[in-house]
Amino acid sequence: MDFKKRIITQFLIMLSTITIITVLTMSIISPISLAIAHAIFKVPFGSSFVFDLLSFIIPMIITFLGICLYYGKRMADVLFYFLEWIELLSNGAYEIPKFKNKKGKTPRSINLYRELEGRLEKLTNKLRENQIERQKIDQNRKDWTSGVTHDLKTPLSYIQGYSTMMLTQKEMYSDEEKNEFLSIILEKSIHMKDLIDDLSDTYQFEKGKISFSPEKNNIIQFTKERIEEIKKQPSALEYVFTFKSNIDALEYSFDSVLLKRAFNNLLINAINHNPPKTMVTTLVYIDDTSKSLVIEVEDNGVGMTSEEQENLFNRYYRGTSTSTLKEGTGLGMAIAKQFINIHQGTINVKSSPSKGTTIKIQFPL
């Protein structure tokens with residue numbers, strides 16, 4: 001029975017109850033009221049049909065109105081209770097108000113609206129959860145904005161400082177020192193480009209303007225090239241990268257631009273959140289059970305807590321898995337997940353503190 005039918009049924013039961021009570025009450029009161037009316041007005045019994053009729057009907061009407069007012073007040077109390085509840089929700093107070101009568105008990109009349117009460121309670125709890133989540137996201141966004149502002153200033157200060165040194169005091173430095181300065185400038189400029197790319201990708205994705213142009217290519221060779229490319233970056237020189245695959249070649253339809261960004265973000269994340277000498281291994285294989293292509297990026301670094309795993313792919317989250325945390329927007333992993341999802345793929349993380357991290361990607365075959 002749906003909600004509307006239950007309400008109608010309850011109202012019919014209540015109306016029947018009022019009618020029965022009225023009839024039973026009048027069967028007792030009417031003879032008494034008739035006798036009292038004849039005694040007061042000194043009218044002989046049976047002498048006036050109209051008088052007898054009014055003496056019978058008027059008490060019945062008064063009794064019926066009294067019973068209706070009694071039940072009406074009980075029903076009105078419940079309606080005002082729900083109105084108060086809705087007003088609290090509209091004012092952003094996601095709380096369940098207490099509904100008690102003068103005796104401190106919950107009136108039975110609320111049972112008529114028990115299903116409505118249950119639905120409002122679910123709505124209140126859901127709105128409260130959303131409010132907490134929204135506050136958390138807002139705080140993360142504020143922290144993220146502050147962090148990104150700092151992260152943009154930091155590489156700029158390096159670039160400005162080293163370029164000024166080379167321009168004003170270039171005779172003081174050897175060729176080896178100049179090359180070191182140039183390497184730092186290059187590294188910081190790459191980092192700034194990554195920051196801007198992350199911001200651009202996020203904006204484009206939110207506006208639904210991401211271009212998806214899949215083409216068939218050798219995804220095994222493509223993955224291997226991404227690793228070789230990352231290994232050449234200055235920030236990756238102190239890390240050990242390996243590639244393993246039991247497949248030499250596999251033609252797969254994918255967008256090379258989007259997947260390159262996704263893989264780069266995954267590998268850079270392993271660099272940014274692990275100390276030097278960390279081993280980062282990429283495994284590629286076919287899972288016959290799920291009929292999918294699996295790409296795993298695993299490291300033997302510091303690992304992550306359960307909270308960091310839950311928030312890893314959330315936008316604006318900047319993990320704190322090491323005390324030597326490097327700059328980052330907190331968008332990289334969220335972007336990687338979005339680009340993988342566009343390919344109908346899935347991405348999951350498995351990690352433990354001090355035991356490394358494994359990122360598992362699966363693409364349907």
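The values are calculated or read from the model by the stated rules, or taken from the named source; none is laboratory data. For clarity, every value in this text was computed on a predicted model and none was experimentally measured. Using ideal geometry, Cβ is built from the backbone for each residue, glycine included, and neighbour counts are taken over all protein chains shown. With ligands, DNA and RNA removed, areas are computed over all heavy atoms of the protein, side chains included. Shrake-Rupley method; radii C 1.70, N 1.55, O 1.52, S 1.80 Å.
Taking the condition without any contact (Cβ under 8 Å) to a residue 12 or more places away in the chain and not polar (S, T, N, Q), does LYS231 pass?
Values: without any contact (Cβ under 8 Å) to a residue 12 or more places away in the chain: yes; not polar (S, T, N, Q): yes.
For LYS231, the condition - without any contact (Cβ under 8 Å) to a residue 12 or more places away in the chain and not polar (S, T, N, Q) - is met.
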Identify the residue in the stretch 242-279 that is open to solvent by 20 Å² or more (accessible area, probe 1.4 Å) and aromatic (Phe, Trp, Tyr) and, among all such residues, is nearest to ILE190 (Cα to Cα).
PHE243
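Please state which one of SER256, SER211 is hydroxyl-bearing (Ser, Thr, Tyr), modelled with pLDDT of 90 or more and within 31 Å of the chain's Cα centre (by Cα). Give the derivation first.
Working: SER211 fails: modelled with pLDDT of 90 or more.
On inspection, the qualifying residue turns out to be SER256.
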Only residues that are more than 12 Å from the chain's Cα centre (by Cα) and either of a type in the set (Lys, Arg) or exposed (fewer than 15 other Cβ atoms within 10 Å of the Cβ) (or both): list them for the stretch 116-127, please.
GLY118, ARG119, GLU121, LYS122, LEU123, ASN125
GLU121, sole failed condition from (1) closer than 14 Å to TYR94 by Cα; (2) acidic (Asp, Glu); (3) at pLDDT below 75
(3)
Residue in the stretch 178-188 that is modelled with pLDDT of 80 or more, closer than 30 Å to GLU238 by Cβ and β-branched (Val, Ile, Thr) present:
yes
From ILE347, ILE361, residue being open to solvent by less than 30 Å² (accessible area, probe 1.4 Å), assigned to a strand (DSSP E or B), at pLDDT 90 or above and under 20 Å from MET279 (Cβ atoms)
ILE361
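For the structure I just gave you, tell me whether SER183 is under 29 Å from THR281 (Cβ atoms), touching a Lys or Arg at 6+ places or on another chain (Cβ under 9 Å) and not aromatic (Phe, Trp, Tyr).
Considered against the rule, which asks whether it is under 29 Å from THR281 (Cβ atoms), touching a Lys or Arg at 6+ places or on another chain (Cβ under 9 Å) and not aromatic (Phe, Trp, Tyr), SER183 comes out as no.
Any idea which of GLU307, GLU296, GLU238, GLU229 is of a type outside the set (Phe, Trp, Tyr), surrounded by fewer than 16 Cβ atoms within 10 Å (Cβ to Cβ) and at pLDDT 90 or above?
On the way: GLU307 fails: at pLDDT 90 or above; GLU296 fails: surrounded by fewer than 16 Cβ atoms within 10 Å (Cβ to Cβ); GLU229 fails: at pLDDT 90 or above.
Result of the check over GLU307, GLU296, GLU238, GLU229: GLU238.
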Please determine, by comparing only the residues of the stretch 267-296 that are under 22 Å from ILE335 (Cβ atoms) and outside any strand (DSSP E or B), which one is nearest to the chain's Cα centre (by Cα).
ASN269
Considering residues that are modelled with pLDDT under 70, of a type outside the set (Phe, Trp, Tyr) and surrounded by 15 or more Cβ atoms within 10 Å (Cβ to Cβ), the number found within the stretch 199-208 is 1
Which of (1) modelled with pLDDT of 85 or more; (2) open to solvent by less than 70 Å² (accessible area, probe 1.4 Å); (3) in contact with a Ser or Thr (Cβ under 6 Å, 6 or more places away or on another chain) is the odd one out, the single condition LYS216 does not satisfy?
(2)
In the stretch 221-247, how many are of a type in the set (Ser, Thr, Tyr) and closer than 13 Å to LEU266 by Cβ?
1
Filter result for the condition that a residue is at pLDDT below 80, part of a helix (DSSP H, G or I) and of a type in the set (S, T, N, Q), over GLN160, GLN135, GLN139
GLN139
